[in-house]
1. Please compute the length gained on full extension between SER291 and ASP124, using 0.36 nm multiplied by the number of residues separating them and subtracting their Cα-Cα distance.
2. Can you tell me what percent of all Cα-Cα pairs in segment 150-191 are more than 15 Å apart?
3. How much of the DSSP beta bridge set in the chain is antiparallel, as a percent to the nearest 5?
4. Looking only at Cβ-Cβ distances, which cysteines of the chain have no other cysteine closer than 4.7 Å?
5. Any idea what log10 I(q)/I(0) is at q = 0.09, 0.10, 0.14 Å⁻¹ for the chain, Debye with uniform C-alpha scatterers and no solvent?
6. Hey, got a sec? Which GluC sites (Glu not before Pro) in segment 166-252 land in a DSSP loop and have at most 10 other Cβ atoms within 10 Å?
7. Give me the number: length gained by fully extending GLU184 to ARG33, i.e. 0.36 nm times residue separation minus the C-alpha to C-alpha distance, one decimal in nm.
8. For segment 130-261, treating each Cα as an identical point scatterer without solvent, what Debye log10 I(q)/I(0) comes out at q = 0.11, 0.13, 0.18 1/Å?
Amino acid sequence: MKRVRFLVVGGFLGAGKTTALLRLAAHYQRLGRRVGLITNDQAANLVDTAAVAAGGFRVEEVAGACFCCKFDDLARLAEKLRVEKLDGDAGHDEAPVVLIGEPVGSCTDLAATVIQPLQRLYGDRYSLAPYSVLVDPNRARQIVLERGFGGFSAKVAYVFQKQLEEADLIGLNKIDLLAPGQREELLAALAREFPQARVLPISGLTGEGFDAFCAALDANDPAGRNIAAVDYDLYAEGEAELGWLNVAIELTASAPLSAEALVRELVEAIRRELSGQGEVAHLKVLFEAGSDRAIANFVGSGSMVRVSRPGGFSAASGRVVINARAHLAPDLLLTAAQRAQQSVLARLGATAKVVDEAHFRPARPVPTHRVDAS
């Protein structure tokens, strides 16, 4: 069987990875290449997985820890996608020829713990693309250009920096939000600070710059060649400063609700509750009724609430999923989300039943494998 192209696309929370990966998947699909995606989170009920499924792509999920700590699960699901036929593949014998992995946004050291081990252990099955890391322009300005912490602590900013240090390819995402002068300033700063990587401007939303980005991913350049020097104590402490919240709710209303208005209002309400308490790294809300889905998100100060997947439908019942990551104690994050949810649903005449909930700080990363720089 021909080797499958495997793309791992990292980046800090809020970098716009899911939107970009959906555009990547659509690009390869248009070329006649089957695509499978593997998402990743510290807990179950991930909005990103639902977003990928809504895009019509085959998706598997590694939950409970990052790819590096659940490497065997990643390898198992990659093999499942590699050998199984996809829905609608009747009459075709070939498995997907492109796999795309989206790691947890608070993880780093992936070149050493994921890319290199995949190459060494499964090089006969997978051809690894250059390791790409996407970056949000607001965070890039705050941390790289202005040398601040982006509203976080120095330890959280350390994780952000290390992600960029290990990249083969850096994608300055969301350039549709930047004026030409701002774009050039950030591109120059990223190229100056991280000379080991090629830096490209892209927009996962509009597709600008994607031809060059895809060409770079398809190049036969070394993958995961930049093994960063990572202090695992600092890394673990920085990641653990982030509160994590995943909630799944069954919603029932007295009359049909606009899905798009509902997700936007819930995100706005949670954002207001969190204002002044701690910097939001990423906040996503999904509403799904049957096969219909709407998603809204917010990625911290300096940004706006955006509907990333418009839902032109209304429903009186469905499932709401809230994913929130913030520089805040998990209990406070949960309380803020509960207050916001209760306020919005009361106003809309809706009731909710929590069917699953997890709030915590990520545990110390313990990689299954790690390849040294030597």
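1. On the way: separation 167, 0.36 × 167 = 60.12 nm, distance 3.75 nm.
Full extension from SER291 to ASP124 adds 56.4 nm.
2. Numbers: 459 of 861 pairs.
Cα-Cα pairs of segment 150-191 separated by over 15 Å account for 53 percent.
3. Values: 40 of 69 bridges.
Given both bridge residues lie in the chain, the antiparallel proportion sits at roughly 60 percent.
4. When partners are defined as cysteine Cβ atoms under 4.7 Å apart, the chain leaves CYS68, CYS69, CYS214 without one.
5. Computed log10 I(q)/I(0) values: -0.48, -0.60, -1.21.
6. Details: sites: GLU166, GLU184, GLU185, GLU193, GLU208, GLU237, GLU239, GLU241, GLU250; in loops: GLU166, GLU208, GLU241.
Answer in residue order: no site qualifies.
7. Details: separation 151, 0.36 × 151 = 54.36 nm, distance 3.37 nm.
Between GLU184 and ARG33, full extension yields 51.0 nm more.
8. With no solvent term, the Cα-only Debye profile gives -0.51, -0.66, -1.02.
Read-outs throughout are calculated quantities, based only on the coordinates presented, and are distinct from any laboratory measurement. What you see is a predicted model, and the numbers here were worked out from it, not measured in a lab. Neighbour counts are summed over all protein chains in view; Cβ atoms, including those assigned to glycine, are modelled from backbone coordinates with ideal geometry.
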